[in-house]
Amino acid sequence: MDDRPIGVFDSGLGGLTVVSEIMKSLPNESLIYFGDNGRTPYGTKSKETVIKYTKQDVAFLLSKDVKMLVVACNTVSALALSEVSSAINVPVLEVIKPGAKSALKKTKSGRIGIIATPGTIASGVYSSAILNLNPAVEIFSKACPLFVSLVEEGWWNNEIARMVAEEYLKDIKKEKVDTLVLGCTHYPLLSETIRKVMGDEVSQVNSAKELALALKELLEEKEMSAAQKPARYIYYTSDSVEKFKELGKLILSADIENVERVDVGN
Ligand code: DGL
């Protein structure tokens, strides 16, 4: 048993889609979340910058005595995790492998679309993760950089979001994929808009659900599950506390208390 919190981080609000799944599957686990809203987006920045930010994010959470780390950001998982892993002395889970597995479970036609940030798409990590598990599927990828800004602005389901989605998704739609990987933790918040463009018949993969399952297994395997009830949730953001509370409440469908502003580096 281990009642210490699990550290979760992302470049901003997107990681709260992962927090929401963890809360549902593991209600006893306390969480400390860091959203780097002040420096978002990560997905359009260079690998060097993402590595620098990741080192600072990780050091901040480790200073809070977390028992595990959840990288709730595909861009960090794709570009920076291998570079910082030697500095991490607790078990770590990332989002890409669970997303790849889930896509393969869902597809029937073997035609899979991947949408993610420019950094994640350029790294090719998602396609490799899927093709390593099943080399027979066909993959069609598209970077959708504006999606993150739409989400951070709270524009999840309006006309502008729909127009942007039409433009980004038109080529993938032509390829008649039956499964679409939402390869950025911000994108599940645009799920309804994406559904309007792609249609009901295209299954969307939100890796947060698979990640929560993997986290449960890992906690059990390492005998590190929490006994304590109720769980405590503490949030840190590098930008406005008010905005984090306002949008975070919509994502988690609950009021968010305990939000503090923090600077983890430049
Ligand atoms: N939510 C993040 C991801 O999963 C990053 C978005 C961004 O900052 O560009 O990739």
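The values are calculated or read from the model by the stated rules, or taken from the named source; none is laboratory data. Being a predicted model, the structure only gives us computed values, none of them experimental. Cβ: placed from backbone, ideal geometry, glycine included. Neighbour counts: every protein chain shown.
Which count do you get for residues in region 18-57 that are surrounded by fewer than 23 Cβ atoms within 10 Å (Cβ to Cβ), small (Gly, Ala, Ser) and touching a strand residue (DSSP E or B) at 6+ places or on another chain (Cβ under 9 Å)?
Number of matching residues: 2.
On the given criteria, is LEU182 within 16 Å of the ligand (Cβ to nearest atom) and surrounded by 21 or more Cβ atoms within 10 Å (Cβ to Cβ)?
yes
Tell me which residues, restricted to region 145-186, are outside any helix (DSSP H, G or I), among the hydrophobic types (A, V, I, L, M, F, W, C) and over 22 Å from LEU104 (Cα atoms).
TRP155, TRP156
Condition first: within 12 Å of the ligand (Cβ to nearest atom) and part of a helix (DSSP H, G or I). Now tell me which residues in region 37-80 satisfy that.
Scanning region 37-80 gives THR49, VAL50, TYR53, THR54, ASP57, ASN74, THR75, VAL76, SER77, ALA78, LEU79.
Quick one: which residue in PRO98, PRO145 is within 21 Å of LEU218 (Cα to Cα) and touching a helix residue (DSSP H, G or I) at 6+ places or on another chain (Cβ under 7 Å)?
One residue alone meets the criteria, PRO98.
I'm trying to understand the selection: among the residues of region 82-113, which are hydrophobic (A, V, I, L, M, F, W, C), outside any loop (DSSP other than H, G, I, E, B) and more than 12 Å from the ligand (Cβ to nearest atom)?
Within region 82-113, VAL84, ALA87, VAL92, LEU93, ALA100, ALA103, LEU104, ILE112 meet the criteria.
Here are some residues: ALA226, ALA214. Which one is modelled with pLDDT under 95 and surrounded by 12 or more Cβ atoms within 10 Å (Cβ to Cβ)?
Residue meeting the stated conditions: ALA214.
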